[in-house]
Amino acid sequence: MGLVLVTPPTGPALLNSDAKLHARITYADEDSEITALIQAAQRYYEQVAGVQLCTATYDQFWHSLPRSEANLQLHQDLAPWGNGKLWIDRPPLVSVTWIKYYDDTQTLQTLDPSLYQVDATGQRGFIVPAAGQLWPEMYPGLLNAFNVRFVCGFDAPQGSNVPATALHYMREWVCRHFKEEGREGGTKDPEPPGMEALFWAERCLDFV
């Protein structure tokens, strides 16, 4: 199973001016460095929390899929809790664009949307076959034979739905690393109490 970024966000979650205001930086000499620190802070937060802050499009791949109650027990890593459920990475899930797969003749097919259901209401979205359906037969042994393209993220860059806890962590991360690199006296501040808890506010655990 793999994940490939198709369309990245159009910008970072945090404005350069917002980060500078938090760090009390009033000059423009280090704007490019601040921008780089914002990008690093966002990437770090997203990786640790397991979320997508700004809207992006991804392809997620599977090598094989569970198709019946008998083989669900053999594919719990692909369909935890049974029922052919496929968990989608980088929550929150916004929408599924399409599902493509290689059938048993090794021909690329697009799965009819009426044959599956998408649930994006929980902490982590998932896809299941429609009532009375199973996932289609795929070409055996072919890597990445099943592909879901989807849109995910809390909001557009600097959008109002980007979690405040994530933005606050990024501001603190930029401020501390800017000082650590010697721009503001070279003194690294101790990590404020509760910083780690900001990850848990939005963190998505697998199969929750």
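What are the ³J(HN,Hα) couplings of region 150-155, residue after residue, when phi is run through the Karplus curve with 6.51, -1.76, 1.60 and θ = phi - 60°? Round to Hz, x for glycine and proline.
Once rounded to whole Hz, the list reads 8, 10, 9, x, 6, 5.
Using modelled backbone amide H atoms (1.01 Å from N, in-plane), which distant-in-sequence or interchain residues come within less than 5 Å of Val94's amide H?
Amide H to amide H, under 5 Å and 5 or more residues apart or across chains, Val94 pairs with Val151, Cys152, Gly153.
Which whole-number percent gives the relative contact order of region 88-175, counting Cα pairs below 8 Å spaced six or more residues apart? Mind showing how you got there, number by number?
Values: 121 pairs, mean separation 31.1, N = 88.
With pairs under 8 Å counted, the relative contact order is 35 percent.
Since every read-out is calculated from the coordinates, none of them should be taken as a lab result. Keep in mind it's a predicted model, so treat the numbers as computed, not measured.
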